[in-house]
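Colleague: Please read through the structure below; I'll follow up with questions.
The values are calculated or read from the model by the stated rules, or taken from the named source; none is laboratory data. Remember, predicted model here, so these are calculated numbers, not experimental data. Glycine gets a Cβ as well: all are built from the backbone with ideal geometry, and neighbour counts include every protein chain shown.
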Amino acid sequence: MSDDLDKLLSQAMVGPALAFRVLNISPSAGYRALASGEIPNVKVGGQYRVPTAKLREMLGLSAAPSKAA
């Protein structure tokens, strides 16, 4: 799960499978939520992509940490 959270914090968008894992929902429930707009998403080339900023907001996580020099 920590790899999933690392991706959530470092990428602008993720695929549905990762989004469903971090939200702890089944794929069937997840795709229903994508189709209804309950999980914010965009379709790229016919495939769902989920903006990580919205996922972090849904999970109550802060924005991606800035890298200290």
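Colleague: Any idea which residue in the stretch 38-62 is modelled with the lowest pLDDT, counting only those that are under 13 Å from the mean Cα position of the chain (by Cα) and assigned to a loop (DSSP other than H, G, I, E, B)?
Modeller: If we take residues in the stretch 38-62 being under 13 Å from the mean Cα position of the chain (by Cα) and assigned to a loop (DSSP other than H, G, I, E, B), then 61 is modelled with the lowest pLDDT.
Colleague: Between residues in the stretch 24-50 that are farther than 17 Å from residue 4 by Cβ and residues that are polar (S, T, N, Q) and surrounded by 13 or more Cβ atoms within 10 Å (Cβ to Cβ), which pairs lie under 8 Å by C-beta distance while being six or more apart or on different chains?
Modeller: Partner pairs satisfying both residue conditions: 34/41.
Colleague: Restricting to the stretch 1-21, count the residues that are within 8 Å of the chain's Cα centre (by Cα), at pLDDT 95 or above and of a type in the set (A, V, I, L, M).
Modeller: Residues meeting the conditions: 4.
Colleague: Also, I was wondering about something else. Can you name every residue in the stretch 47-62 that is of a type in the set (A, V, I, L, M, F, W, C) and either over 17 Å from residue 30 (Cα atoms) or touching a Gly at 6+ places or on another chain (Cβ under 6 Å) (or both)?
Modeller: 53, 61
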